[in-house]
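**Q** Have a look at this one.
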Amino acid sequence: MTNKSMEALAAEGAVYFIFGATGDLARRKLFPALYSLYREGKLGERFAVVGLARRPRTHEQFREDVLESIREFCRYKAEEGQAWREFADRFSYQSLDIGNVEGMRALKENTEELESRYEIRGNRLFYLALAPELFGTVSRNLRDGGMLDSEGWHRLVIEKPFGYDYPSAERLNEEIRHVFQENEVFRIDHYLGKEMVQNIEVLRFANAFFEPLWNSNHISNVQITLSETVGVEERGAYYNKSGALRDMVQNHMLQMLTMIAMEPPSRLDPEDIRDEKVKVLRSIRGFGSGEEVRRRVVRAQYTEGISRGEPIKGYREEDSVPSDSQTETFFAARLFVDNFRWAGVPFYVRTGKRLPVKSTEIVVEFKNVPPGVLFATKQELRPNLLVIRVNPMEGIYIKINAKKPGNEMTVQPVAMEFCQSCQIGINTPEAYERLIYDASRGDHTYFTRWDELAVAWKLVDPIAAAWAGSGDGLAFYPAGSWGPEEAERLLAEDGYFWWPVNGQEEDNIIWVSNAGK
Ligand SMILES: NC(=O)C1=CN([C@@H]2O[C@H](COP(=O)(O)OP(=O)(O)OC[C@H]3O[C@@H](n4cnc5c(N)ncnc54)[C@H](OP(=O)(O)O)[C@@H]3O)[C@@H](O)[C@H]2O)C=CC1
Ligand SMILES: O=C1O[C@H](COP(=O)(O)O)[C@@H](O)[C@H](O)[C@H]1O
């Protein structure tokens, strides 16, 4: 983003509207993100935040809710006293049912008063932390209630899930686009706000030694793992309709894949980058038949098990999950990007709940040196890996083969790690901070464009259709395990295996790391 747009934001300011201000997302992510931005001077002097939801709250009660959320979830400590008061005074609350256009008219009056008090030039950012069914109504009522009449910019930030399948996503998009232009819409995929996902572009395009090797001549396969220890907890009603495919694959997993596979954009311009990402999505080989889904996709559900020493109940025993649910809590697939660069290279993706560790990692496995010559005659050599650690630890490591010190020419594997989170610690900005900041500067780079979403839905819809109404092919895995054995077979059929997350289970490997391993 240019300095000019940063300066413009600071000079003109903005009002931030949080629809769904009494909800979980606002409490855990949005208020802490706004506070961090404030502490870093990124909201400037001219800003106000208006919380909106149906339940009654006084301004003071709302500020107390915000303070509590910051105490619990923010990476900055709430500076209580005068500094806190100055921040909190910018927060106000209005009880409003977004189906009611009269409420929007009252909001317009309140907003104009705030804009005049803080000398803000009519810039308005609407964050919809609401169920997606309400997005169309809010958009219409914002327009009909006069909230879009101010002279500044108007931006709509919307949360996932964006639809349930392609037709519903298209309907939702049309409802929004009756009111907002595409360049006013910021569709959140919080994985795009993660430091290491953004770092993929830098690693690839700012280093001389990766890009020449970044193709099917040198890379044998790519593995993307997004494992979670949590189950569905109180989100059963949502999750049981969604499952891992819609909750994680259609969005976060495919977005990470596009960052790995895309061609260099012609410029670091949001539209150039998003053009390249959409080309990758269009190149992913589709699932033409149910048979193909069975061959290339594994779905499974967790049963009772043990995780970190604690007994864990099975998915079907969770509250608000039907006891005969066929919903997948685990997904693995072999994908292909059928373009010139990636022809024949499998991209393995897997994600699941109640797995042994919380970790998101991308492993790029390079083709091995030819077998039967030089050092490969004496021992089996491990392939070189580049591992991008996305979450919760952030960093990268590469695995190479090196000589074991001594007289014998023995080769040993060495991992060289740059642990970014060890260096920066908890001060790495949270994804939501980056994304709110980017939206307020009008930078679309790390938001999904409609055509990206549309192609992603068209890719996953045939998988969902092949599964619909049948438990055929649903495998099971005990909570606390790495998923069903079918997921191991998926790679074994091609002569590969899932690399252990963080190399933890690998023996006989030397670590060189700033993490002090
Ligand atoms: N929570 C999370 O971690 C994540 C959430 N999301 C998405 O973010 C969105 C919000 O999620 P979450 O915060 O968990 O949901 P919650 O159910 O916790 O909150 C929903 C909010 O919407 C308000 N609301 C509901 N109906 C109306 C209405 N008619 N008029 C005005 N306000 C209304 C509720 O307040 P009240 O009842 O007072 O009206 C509440 O503040 C969803 O789309 C979700 O999928 C996405 C990723 C992660
Ligand atoms: O979008 C979602 O993501 C979270 C995982 O996010 P992370 O940043 O903690 O890795 C997942 O738990 C949730 O089911 C899904 O809706």
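The values are calculated or read from the model by the stated rules, or taken from the named source; none is laboratory data. From a predicted model like this one, the values you see are computed outputs, not experimental measurements. Positions of Cβ are backbone-derived with ideal geometry, glycine not excepted, and every protein chain shown enters the neighbour counts. Calculation scope for accessible area: heavy atoms of the full protein, side chains included, ligands and nucleic acids excluded. Shrake-Rupley method; radii C 1.70, N 1.55, O 1.52, S 1.80 Å.
**Q** Using a ≥ b ≥ c from the Cα gyration tensor of the stretch 160-264 (square roots of the eigenvalues), is it rounded, prolate or oblate, where a/c under 1.5 gives rounded and otherwise the larger of a/b and b/c decides, a/b for prolate?
**A** Details: a/c = 2.42, a/b = 1.48, b/c = 1.64.
Here the stretch 160-264 falls in the oblate category.
**Q** Can you order the peptides 320-326, 382-388, 444-450, 337-343 by their average number of other Cβ atoms within 10 Å per residue, highest first?
**A** Numbers: 320-326: 13.7, 382-388: 19.1, 444-450: 20.7, 337-343: 16.3.
For the peptides 320-326, 382-388, 444-450, 337-343, the packing ranking is 444-450, 382-388, 337-343, 320-326.
**Q** Would you kindly derive the ³J(HN,Hα) couplings of the stretch 180-186 from the backbone phi angles with the Karplus curve 6.51 cos²θ - 1.76 cosθ + 1.60 (θ = phi - 60°), listing them in order in whole Hz, with x for Gly and Pro?
**A** Running phi through 6.51 cos²θ - 1.76 cosθ + 1.60 with θ = phi - 60° gives 10, 6, 3, 6, 9, 9, 10 Hz.
**Q** Output the 0 to 90 degree angle, nearest 10, between the alpha-carbon long axis of helix 431-441 and the longest principal axis computed from the alpha carbons of the chain.
**A** Once rounded, the angle reads 50 degrees.
**Q** State, to one decimal in nm, how far the label point of Glu80 lies from the label point of Asp319, with both points 7 Å from Cα in the Cβ direction.
**A** It works out to 3.1 nm between the two label points.
**Q** Give the peptides 362-373, 116-127 in descending order of average Cβ contacts within 10 Å, highest first.
**A** Per-residue mean Cβ counts within 10 Å order the peptides as 116-127, 362-373.
**Q** With an 8 Å Cα cut-off and a minimum separation of 6 or more residues, compute the relative contact order for the stretch 14-159 in percent.
**A** 31
**Q** Now a separate question. At 0.36 nm per residue, minus the direct Cα-Cα distance, what do Val369 and Phe476 gain on full extension? Give it in nm, one decimal, please.
**A** Details: separation 107, 0.36 × 107 = 38.52 nm, distance 3.76 nm.
Full extension of this stretch gives 34.8 nm more.
**Q** Each residue of the stretch 150-164 in turn: what ³J(HN,Hα) in whole Hz from Karplus with 6.51, -1.76, 1.60 and θ = phi - 60°, glycine and Pro shown as x?
**A** Taking θ as phi minus 60°, the curve returns 5, 7, x, 7, 10, 10, 10, 9, 10, 8, 7, x, 8, x, 10 Hz for the stretch 150-164.
**Q** Next question, about the same structure. I'd like the distance separating the alpha-carbon centroids of the stretch 235-288 and the stretch 85-124, in whole Å.
**A** Comparing the Cα centres of the stretch 235-288 and the stretch 85-124, I get a distance of 35 Å.
**Q** What order, most packed first, do the peptides 215-221, 344-350 have when packing is the mean number of other Cβ atoms within 10 Å of each residue?
**A** 344-350, 215-221
**Q** Exceeding 21 Å between C-alpha atoms, which entries from my cross-link table qualify? They are Lys279/Lys367; Lys277/Lys353; Lys194/Lys277; Lys241/Lys458; Lys194/Lys358.
**A** Long pairs (Cα-Cα over 21 Å): Lys279/Lys367; Lys277/Lys353.
**Q** For a Förster distance of 51 Å, can you work out the FRET efficiency between the beta-carbons of Lys403 and Glu113, rounded to the nearest 0.05?
**A** The value I calculate is 0.10.
**Q** Are there cysteines in the chain with no second cysteine's Cβ under 4.7 Å away, and if so, which?
**A** Cysteines of the chain left without a disulfide-compatible partner: Cys74.
**Q** Please report, largest first and rounded to whole Å, the three semi-axes of the ellipsoid equivalent to the stretch 14-159, where each semi-axis is the square root of five times an eigenvalue of the C-alpha gyration tensor.
**A** 24, 17, 13
**Q** Let me ask something additional. Can you pull the percent of the chain's accessible area that's carbon plus sulfur, 1.4 Å probe, other chains left in place?
**A** On the way: 11340 of 22420 Å².
Carbon and sulfur together cover 51 percent of it.
**Q** Relative contact order, percent, of the stretch 136-217 when contacts are C-alpha pairs under 8 Å separated by at least 6 residues?
**A** On the way: 46 pairs, mean separation 24.1, N = 82.
Relative CO of the stretch 136-217 lands at 29 percent.
**Q** Given just the C-alpha atoms of the chain, how large is their convex hull per residue in cubic angstrom?
**A** On the way: hull volume 85.9 nm³, N = 517.
Roughly 166 Å³ of hull volume per residue.
**Q** Between the stretch 8-39 and the stretch 137-198, what is the C-alpha centre distance in whole Å?
**A** So the separation of the two Cα centres works out to 16 Å.
**Q** In addition: Restricting to Cα pairs below 8 Å that are 6+ residues apart, what does the relative contact order work out to for the chain? Please round to a whole percent.
**A** 17
**Q** How many Å² of accessible area per residue for the stretch 14-159, probe 1.4 Å?
**A** Accessible area per residue: 43 Å².
**Q** From the phi of every residue in the stretch 263-276, what ³J(HN,Hα) in whole Hz does the Karplus formula 6.51 cos²θ - 1.76 cosθ + 1.60 yield, where θ is phi - 60° and glycine or proline is x?
**A** Working through the residues one at a time gives 6, x, x, 5, 9, 7, 10, x, 6, 5, 5, 5, 4, 5 Hz.
**Q** Given labels modelled 7 Å from the Cα in the Cβ direction, how far is it in nm from Val202 to Glu102?
**A** Taking the two extended label points, one gets 5.3 nm.
**Q** Residues of the stretch 425-455 with the amide nitrogen closer than 16 Å to a label point 7 Å from the Cα of Asp272, along Cα-to-Cβ, please.
**A** 444-446, by backbone N distance to the label point.
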